[in-house]
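Working notes for the structure below.
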Amino acid sequence: MNNRIEKIAQQSLQNREISLEDALYLSQVKKDEVYDLFYWANKIRLKYFGRSIKACSIVSAKQGKCTEDCNFCSQSSHYLTKIEEYNLIEENKVVNAAMCAENSGAHSLGIVTSGYTINNEYEFENICNTIKTISRDSRIHPHGSFGVLTKEMAISLAKSGLKRINHNLETSERFFHNICTTHTYADRLNTIHVSKQAGLEICCGAIFGIGEETEDRIHLAFTLKKLDVDSVPLNFLHPISGTPQENSVGLTPMETLKIISLFRFILPDKEIKIAGGRGKNLRSLQSWMFYAGANSTMIGNYLTTSGNPAEEDLLMIKDLGLELEIS
């Protein structure tokens with residue numbers, strides 16, 4: 001057993017912040033010591049979350065035609081991709097998605113709209129009404145991802161019954177300009193701040209495999225710790241034809257697992273959710289994500305790519321002797 005990894009793990013087990021130097025060391029472990037990393041990441045997960053696993057689903061409520069140029073995203077109008085594009089779907093379709101998610105065992109439903117923000121008053125009112133209906137008629141927790149928000153928008157969403165807002169930072173501040181030029185890191189940070197002020201829980205994470213360096217991953221994790229977010233979704237690039245990232249080489253399963261463990265060490269008591277690109281990057285090692293420190297995962301399809309059937313993921317959780325957290 002690697003003594004330094006154990007020493008760092010003991011700090012995380014006491015929820016004491018590890019140093020940048022220690023985080024860099026963890027990111028560089030190789031060969032058999034990787035299993036020590038996983039072992040302690042799993043110990044940290046068990047300390048703060050026990051055997052409980054959260055599952056969430058999402059619905060793409062408005063898709064494509066996005067003005068932003070995020071270079072990994074199939075929904076950007078800057079790139080020629082083959083995704084289906086549509087305007088905001090009817091309330092009953094989102095409510096039906098919530099009911100299906102609840103029946104599948106999901107803890108929450110994320111309502112996701114494409115675009116920089118919701119700049120149509122009618123659409124925003126429709127979204128708020130939909131959230132009210134889901135809050136009234138189901139046990140599932142309504143979450144949302146609606147782009148950049150103002151303080152007033154965040155307050156309205158919270159009053160409608162929204163529990164949590166998702167707004168990812170995607171990468172470190174220093175690397176952000178390499179993946180997006182149409183809005184700033186400050187725009188994203190401001191949305192997180194106004195959402196917290198409105199009383200919303202914060203789901204904020206990243207995407208990996210987009211050309212970032214190890215240091216970018218570490219700096220992002222410490223930024224999320226400073227922001228005191230509630231949930232950290234980890235996405236891994238699934239290259240989409242037509243985007244600037246279409247020829248990017250994916251991460252290996254072991255590198256993907258190391259990223260999960262690194263985030264567990266830095267954010268010991270936060271929900272770490274494995275989201276987009278799980279199948280593409282983890283392949284046959286998908287069940288290892290929990291051993292590497294994750295305590296949450298998305299089930300069903302993602303926004304524009306397919307996921308595992310929900311029943312397969314639920315069986316995987318059961319086979320591991322873990323327990324699904326019910327709404």
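Throughout, read-outs are computed from the coordinates displayed, never taken from laboratory work. What you see is a predicted model; the values in this text were computed from it and never measured. Here Cβ is always computed from backbone atoms with ideal geometry, including for glycine, and neighbour counts include all displayed protein chains.
Among 10-22, 184-196, 267-279, sorting by the average number of other beta carbon atoms lying within 10 angstrom of each residue, highest first, gives 267-279, 184-196, 10-22. For the chain, a Gaussian network of Cα nodes joined below 10 Å ranks Cys70, Cys203, Cys180 by mean-square fluctuation, and the top entry is Cys180.
So what is the calculated 222 nm ellipticity per residue for the chain, using -39500 (n - 2.57) for each DSSP H run with n of 4 or more, over all residues, to the nearest 500 deg cm²/dmol?
Value at 222 nm, helices only: -13000 deg cm²/dmol.
For the chain, the C-alpha radius of gyration sits at 0.95 times the compact-globule guess of 2.2 N^0.38 Å, with N the residue count.
Ranked highest first by the average count of other Cβ atoms within 10 Å around their residues, in what order do 249-256, 38-45 fall?
Values: 249-256: 16.4, 38-45: 21.4.
By packing density, highest mean first, the sequence is 38-45, 249-256.
So how tilted is helix 3-13 from the main axis of the chain? Cα-based, degrees 0 to 90, rounded to 10. On a 0 to 90 degree scale, this one is about 40.
Shape class of the stretch 74-134 from the alpha-carbon gyration tensor: oblate, with a/c at 1.5 or above and b/c at least as large as a/b.
Taking 29 Å as the straight-line reach from the Cα of Lys30, the lysines in range (excluding those fewer than 8 positions away in the same chain) are Lys7, Lys43, Lys47, Lys225, Lys226, Lys258, Lys270, Lys273, Lys280.
One equal scatterer on each Cα of the stretch 1-142, no solvent, Debye formula: the resulting log10 I(q)/I(0) at q = 0.10 Å⁻¹ is -0.61. Simple rule: put +1 on each Lys or Arg Cβ and -1 on each Asp or Glu Cβ in the stretch 1-121, find the dipole, and look at Cys70, Val34, Asn87; the Cα lying farthest toward the positive end is Val34. Take every Cα pair under 8 Å whose residues are at least 6 apart in sequence, average their separation, divide by the length of the stretch 49-324, and the relative contact order is 21 percent. Summing Cβ point charges (Lys, Arg +1; Asp, Glu -1) relative to the Cα centre of the chain gives a dipole of roughly 680 debye. Taking only the alpha carbons of the stretch 1-43, we obtain Rg and Dmax values of 9.6, 27 Å in that order.
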